[in-house]
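A.B. asks: Have a look at the structure that comes next, please.
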Amino acid sequence: MSAEHLRIAIPSKGALEKPTLDLLATVGLKVYRPNDRQYVASIPALPEVEIIFQRAADIYTKVHEGSVDLGITGYDVVCEEDKEDHQVLVVYPKLGYGKCSLVLAVPDSWVDITSIEDLAELTLLWKEQNRILRIVTKYKKLTRNWLFNHRIVNFTLVDAKGAMEAAPSMGYADMIADVTSTGTTLRENHLKPIVGGTMLHSQTCLIGNRQLLKASPEKLKTTQTILELIEASLEAKKYTSITANVRGTSLDEIGMKFTHSPELRELAGLRGPTIAKVYTAAPMDWYAVTVVIPEDKLLAAIAHLRAVGGTDITAFSPSYVFQATCKSSTALIAMLEE
Amino acid sequence: MTGAISVTRVNSSISKADGMPDFGTEIAQLRRYVEQQLLNQFQKHGYQLIEVPIVEQTDLYLRKSGEDIVTQMYDFVHQNRRLCLRPEMTASVIRAYIEHFPTLEPQKLCYAGAVFRYDLHLSYRQFTQVGVELIGMKSAIADAEVIYTACLSLDQLGIANYQVVMGHMGVLLQFLRNLDLSDRLISLLLASMNLLDQPNGKALLIEQLRENYPLAPSAGALADLFHGMDRTTARNSILKLLESLRIELNGNRDPQEIADRLINKLKQKDQTHKITRAVEFMADLSQLRGAPHTTLKQAEQLLADYGIDAQPLAELWSITDLLTQFGIREICLDLGLHRDLQYYTGMIFEIEHAPVGRLGGGGRYDDLIQTLGGNQSTPATGFSLQLEAICQTLTNSQTHTQQKLPVGLAEVAIALNYSANPVQAFLLARELDKIGCSYLLTMGDEPQRGARWQITAQPDGLFRIIASPTQLEKILDLPTLTKHIRNSL
């Protein structure tokens, strides 16, 4: 193992393992793991990378202490574990999966509590009675800071023992603060989220150790390669590439059909259509028109192609869309220089 | 590929924790000097020194200090107990007072100590408060006394050009309570007081409240349903309704409490009118700032317009009168003055110094002792000065630095160079201690400002003594030298 191996911690077991491996495979960085019980693996496409499987909850700590260079974990964990020493950088903020929200939820039976202001008033009522609101949570820092920002102070945070959602009915807490993606678990436990009580929207993100990336140009370069692939691959999800055969007399005539009005801008490709002559057996003037358009404009673009006489229309999803520069890579350099 | 993961040690040196200050030797010496001067001054005024712990139970501050302080506390759980670093001194001093003087007799206490507030906007999260608490007296003279003590102690340090800004919590609190606003709303209003200093502040504040606080009732027609009902009937109807809907009220709360709060919510009228009135009054109040006489006249008019009891103004009249008699002229009244601690009930004040800002402040807090467990209502008033701000003021003023620094050295009678013969030097120092002569042990021969003699302990056991300013030089042994010094003093 070379000293300049870039170590990346990724979630092992739990809900994030499979989507993380899927993402890496999609961007062209398929992980090779000789067997499931091994907690180190490699990426054949990038031999300078070593993959280490960790519990998602521990990945922030691993990156912070510097035992790995990069890590993939939930943004909620990153915010909760943040040491405020700028040692850990969020290198790529939204990987597009593992989406959830950190919410405050109270028992269904609290019919008088719907909003955060109701909760605030309840804490003041209880303060008069020398009673303190007990909130069970694994997100102590985020919950405390959020409530403090809303000038709510008469509460205490309780450690989660086992199934947190059961705490209010078991009686060791009054309410909970936890992440939820669909709300099903809350409902099953007779809990309801408070209106205006969503403290954080989270999804999986890529984090890195500032000092290690700064110290090693090789590691930084590999990180930038990974960012290029992730960014271009996630960017590609937004676009579709369409090619159609259109009849016409010249390149310019066909070109006009796609650029004559401003409404066509979104249907005519990122910059404009690419047009090439089609060489046919019979002496007829056919041109191939290719446009790359936002995915949600697919049917509108097809309609337009048909309207101008297009036929044989094929649509592909690109694997990557590379822009002139890699935004997240530039952002990383800026963060390292701060 | 191996399975072993080695931990790379990223940090090899340890820096200080964020926001925690180190004080270099010069500043440290100045701080100690200033703190001592202040405490001496307080003690001359009959205040007795008290020391309280840095770690307190968090509950001490949850009871009455208010959201501004509580949200800034270093609050932690240790051995299953919720503790915090004290964010201010008064609550600690009062807790100690109740423990040590259970009969709650009048006391004058003074203190100095570090306090901690986790505020990202503050460059330092540890600072030092030096102050007094005057417990058991409810009179204008007590309030005037603490302000006078604060001013006098600044004068003694040579600080000039400060201004006493005085206000009164009673005016606003009384108005807001008369409006029958909820505690939550009062807290939100008080917290946004500073918005009113901005142009268009009134509109901004109303807008902010409307966004964050449901001013209008949510239930509409349902409210009418309960309008004519007395509380018990309404409560029983609600409980029956919930029962018929099979909503069980068993979530750690008293069903009656839930029903009562629900009725309150349903019955709540549109509060926009009340809020507008409160904000307008607050805006009018914050305009009242200036010379005492004029400002009080204007305030009397305003309170009469709103039909509010003018007792707080009478108190401010008396305090201002007394301060003028004490010779304090730089008084400014500010009826919009608001401090970040919520336990104040009467007069509040701050001492402002133009370039540095706030040097300290305080006020009357007549409910705190009972809230913290005292068995009867006990009035109290006090203030604290911020040591860092005062030292900043002193280091800013060059003249002071030259006159009074280095601390203590001005009174040094002897500069004693001990590097060549420490044993002999220490023996001499012991003799000097016995006769109460001040000295400074030095490593070199450079003359010390203000020292009457420069003495060097020589390797041969003798002392070379040079008198100032004659530069007359003598060589003496220890007994002769001691005798010589004793006779000369």
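The values are calculated or read from the model by the stated rules, or taken from the named source; none is laboratory data. Since the structure is predicted, the reported quantities are computational estimates derived from the model, not experimental observations. Ideal geometry is used to build each Cβ from the backbone, glycine not excepted, and the neighbour counts take in all protein chains shown. With ligands, DNA and RNA removed, areas are computed over all heavy atoms of the protein, side chains included. Shrake-Rupley method; radii C 1.70, N 1.55, O 1.52, S 1.80 Å.
A.B. asks: In region B:313-336, what count of residues is obtained for those that are among the aromatic types (Phe, Trp, Tyr) and at pLDDT 90 or above?
C.D. replies: 1
A.B. asks: On to the next question. Condition check: touching a residue at least 12 places away in the same chain (Cβ under 8 Å) and either crowded, with 22+ Cβ neighbours inside 10 Å or in a helix (DSSP H, G or I) (or both). Does B:Tyr111 satisfy that?
C.D. replies: In short, yes.
A.B. asks: So for region A:163-184 (the condition being in contact (Cβ under 8 Å) with a residue 24 or more places away in the chain and at positive phi), does at least one residue qualify?
C.D. replies: no
A.B. asks: Related question: Is one or more of the residues making up region B:458-477 acidic (Asp, Glu), under 46 Å from the mean Cα position of the chain (by Cα) and loosely packed, with under 15 Cβ neighbours inside 10 Å?
C.D. replies: no
A.B. asks: If you don't mind, there's one more thing I want to ask. Give the residue that is nearest to the other protein chains (Cβ to nearest Cβ), with candidates limited to residues of region A:200-255 that are of a type in the set (Asp, Glu) and within 19 Å of A:Gly96 (Cβ to Cβ).
C.D. replies: For region A:200-255, the residue satisfying everything is A:Glu228.
A.B. asks: Let me ask something else about it. Considering only helices (runs of 4 or more DSSP H) fully contained in region B:227-332, which possess at least 1 residues that are within 14 Å of another protein chain (Cβ to nearest Cβ) and in contact (Cβ under 8 Å) with a residue 24 or more places away in the chain?
C.D. replies: B:231-244, B:255-267, B:272-287
A.B. asks: Taking the residues in region A:28-37 that are within 12 Å of chain B (Cβ to nearest Cβ) and either assigned to a strand (DSSP E or B) or touching a residue at least 12 places away in the same chain (Cβ under 8 Å) (or both) as candidates, determine which candidate is surrounded by the fewest Cβ atoms within 10 Å (Cβ to Cβ).
C.D. replies: A:Tyr32
A.B. asks: Quick one: which of B:Phe76, B:Phe42 is among the aromatic types (Phe, Trp, Tyr) and surrounded by fewer than 18 Cβ atoms within 10 Å (Cβ to Cβ)?
C.D. replies: One residue alone meets the criteria, B:Phe76.
A.B. asks: What residue, among those in region A:170-194 that are away from chain B (no Cβ under 11 Å), outside any loop (DSSP other than H, G, I, E, B) and open to solvent by 50 Å² or more (accessible area, probe 1.4 Å), is nearest to A:Arg134 (Cα to Cα)?
C.D. replies: Per the criteria, the residue is A:Pro193.
A.B. asks: Sticking with this structure for a sec: Residue by residue through region B:352-373, note down the ones that are open to solvent by 10 Å² or more (accessible area, probe 1.4 Å) and more than 13 Å from the chain's Cα centre (by Cα).
C.D. replies: Passing the criteria: B:Glu352, B:His353, B:Ala354, B:Pro355, B:Val356, B:Gly357, B:Asp366, B:Asp367, B:Gln370, B:Thr371, B:Leu372, B:Gly373.
A.B. asks: Go through the residues of region A:205-216 one by one and say whether even a single one is of a type in the set (Gly, Ala, Ser), part of a strand (DSSP E or B), open to solvent by less than 30 Å² (accessible area, probe 1.4 Å) and touching a helix residue (DSSP H, G or I) at 6+ places or on another chain (Cβ under 7 Å).
C.D. replies: yes
A.B. asks: Is it the case that A:Lys161 is in a helix (DSSP H, G or I) and either farther than 30 Å from A:Lys219 by Cα or at pLDDT 95 or above (or both)?
C.D. replies: No: the conditions fail for A:Lys161.
A.B. asks: Which one of A:Asp82, A:Asp112 is at pLDDT below 95 and at the interface with chain B (Cβ under 10 Å from one of its Cβ atoms)?
C.D. replies: One residue alone meets the criteria, A:Asp112.
A.B. asks: Let me ask something else. Out of A:Leu298, A:Leu264, A:Leu270, I need the residue that is open to solvent by 50 Å² or more (accessible area, probe 1.4 Å) and out of contact with any Ser or Thr (no Cβ under 9 Å at 6 or more places or on another chain). Which one?
C.D. replies: After ruling out the rest, the residue left standing is A:Leu270.
A.B. asks: Which residues, counting only those in region B:164-213, are within 14 Å of chain A (Cβ to nearest Cβ) and basic (Lys, Arg)?
C.D. replies: Selection gives B:Arg184, B:Arg210.
A.B. asks: Consider region B:173-213. How many of its residues are open to solvent by less than 80 Å² (accessible area, probe 1.4 Å), touching a Lys or Arg at 6+ places or on another chain (Cβ under 9 Å) and closer than 18 Å to A:Leu125 by Cβ?
C.D. replies: Number of matching residues: 7.
A.B. asks: With the requirement that a residue be in contact with a strand residue (DSSP E or B) (Cβ under 7 Å, 6 or more places away or on another chain) and open to solvent by less than 40 Å² (accessible area, probe 1.4 Å), what does region A:310-338 give you?
C.D. replies: A:Gly310, A:Pro318, A:Val321, A:Ser328, A:Leu332, listed by residue number.
A.B. asks: Taking the options A:Ile275, A:Ile293, name whichever one is closer than 24 Å to A:Gln323 by Cα, touching a helix residue (DSSP H, G or I) at 6+ places or on another chain (Cβ under 6 Å) and open to solvent by 30 Å² or more (accessible area, probe 1.4 Å).
C.D. replies: A:Ile275
A.B. asks: Another one. Looking only at region B:15-73, how many residues end up being within 14 Å of chain A (Cβ to nearest Cβ) and free of Cβ contacts under 8 Å to residues at least 24 places away in the same chain?
C.D. replies: 7
A.B. asks: Oh, and also: Go through (1) at pLDDT below 95; (2) open to solvent by less than 30 Å² (accessible area, probe 1.4 Å) and name the single condition A:Ser202 misses.
C.D. replies: (1)
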